[in-house]
1. Using only helices, what value at 222 nm comes out for the chain when you add -39,500 (n - 2.57) per DSSP H run of length 4 or more and divide by the total residues, to the nearest 500 deg cm²/dmol?
2. Setting aside same-chain residues fewer than 8 positions from K458, which lysines have a Cα under 21 Å from its Cα?
3. When the distances between all Cα atoms of the stretch 240-331 are binned every 10 Å from zero, what whole-number percent does each bin get?
4. Would you give the gap between the C-alpha center of the stretch 319-363 and the C-alpha center of the stretch 250-297, rounded to a whole Å?
5. Relative to the longest principal axis of the chain, what angle (0 to 90°, nearest 10) does the C-alpha long axis of helix 249-278 take?
6. Tell me the angle of helix 374-402 to the major Cα principal axis of the chain, expressed in degrees between 0 and 90 and rounded to the nearest ten.
7. If we count other beta carbons within 10 Å of each Cβ, what is the order of D337, D213, D237, D346, fewest first?
8. Can you list the chymotrypsin sites (Phe, Trp or Tyr not before Pro) in the stretch 243-336 that are in a DSSP coil and have 15 or fewer other beta carbons within 10 angstrom?
Amino acid sequence: MATLRQQLFRVKPVPQQGESPESDLKRTIGLFSLTMIGVGSTIGTGIFFILSESVPVAGPAVIWSFVIAGLVAGLAVICYAELAGSVPVSGSSYSYAYATLGELPAMGVAACLLLEYGVAGAAVAVGWSQYVNQLLFNLFGFEIPHALAYAPEEGGVVNLPAILLLAMCCFLLVRGTGESIVINTIMVCTKIGVLLFFVLVGVTGWNVDNFADFAPFGFSGVVAGSGLIFFSYVGMDAVATAGDETKNPKKTMPRALIAALLIVTTVYVMVAIAALSAQPWQEFEGQSAGLSAILENIVGAKWPGTVVAAGAVISIFSVTLVSIYGQTRILFTMSRDGMMPKLFGDVNPRTLTPVKGTIVVTVVIAILAGFIPLNFLAEMTSIGTLVAFVVVSLAVIILRVREPNLERGFKVPFYPVLPVLAIIGCLWIISNLQVITIVVFLIWTAVILGLYFIVGRKNSVLGKQRAAHDSMDGSDSTGGNQ
């Protein structure tokens, strides 16, 4: 009989070359499509509306906030790239923690991921409704009533557009992964084109005076801005949730992660510079659909803002789509391990997708999106992402020590310096988040760990396999002594 400590820290074997855990999911995702998953779930999550939240905190120095968040995310993404090429399964950092730290720590990471994807999907859906209103007003001269477009704390009753967006994403995902990936790729290309259009028009309104009071809140404001902006890098993790549906994952996943990071960071910095050059930082606070409004002020006409609003309405759809996708794939992997109810692991034989799990996830995210304000959702997503990044960086170090001969599709350069810097950077940003954010996160994590002790520990597939193996060894030993 395994001791409590052995149960809590039992480690799942790392799949060797040519091995793959049993899965009914179909491998349909190639390098370009996987890169678009990373880009699609990231660009739009922040840049279309996070400036109205981060610029009032950091001023024009929010550019440095983007750089700091990008550097910390970059360090973590490099660690993700090594683990994705070493442990090429779905589940992202949950699976990596299970293979390195043990079952209980893996459940703690799962709490981070469930918070990260659930809240990110809700936050993006909330921002989407702002651009829907902007587009409707520009094209038809009317808006969705305030009561139906904002959460109660923002003076509304329910954010109805956010709920409708989530319902559409759910419909696509239950139809099949292949269709969803194609639509996501089209949306991502549209999104990048729209943002480049914003940059080109935005720089025509360049005013160097807008950068005069560059850091009005000092370095603390820059760091606080980084905490909010880090929410914009949640999409990097989405690549690592697709391990069971990716072709040649050991090579494809690391390449997609690094490519997505480079694309995302470049676009973020370009858009931030263009926006700040065209509008005084004091005017960003409370500005709905900010990028559209900036272009309208520069050109003196509605059409550029209409283009950006239309692009945002189309492309933010892809962020929500991938957020729900990532959440369902993590729950799928946990269900396969016995850590979550079986319904999350049920795969529809016709569509080869986890239909029941997708519907449950969508309903929960829709409740968040309909009734919770945007700024709180952004910080809750950031802390989930940051803690997951810490675990991934730690897992790289542990796996290098424990399994030095494991085949790796990519290896972190300057090891162990970069993983250690990633851990320090993430903890530094966490320390600057609001206290209420950290408290809610700790409560949420405690709830998930409590569920593990009540349900997961006894239903663990790995635990049952180990118990059966020990029982067979005991029978053989008994037989040998007779």
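Here, each number is a calculation from the coordinates, and none is a lab measurement. Quick caveat: nothing in here was measured; it's all calculated off a predicted structure. Neighbour counts are summed over all protein chains in view; Cβ atoms, including those assigned to glycine, are modelled from backbone coordinates with ideal geometry.
1. -23000 deg cm²/dmol
2. K12, K342
3. Per 10 Å bin, starting at zero, the Cα-Cα P(r) for the stretch 240-331 comes out as 13, 32, 29, 18, 8, 0 percent.
4. Between the Cα centres of the stretch 319-363 and the stretch 250-297 lies a distance of 31 Å.
5. Value to nearest ten degrees: 20.
6. For helix 374-402, the angle is close to 40 degrees.
7. Fewest-to-most ranking of D337, D213, D237, D346: D213, D346, D337, D237.
8. In loop regions of the stretch 243-336 (DSSP not H, G, I, E or B), there are no sparsely surrounded chymotrypsin sites (Phe, Trp or Tyr not before Pro).
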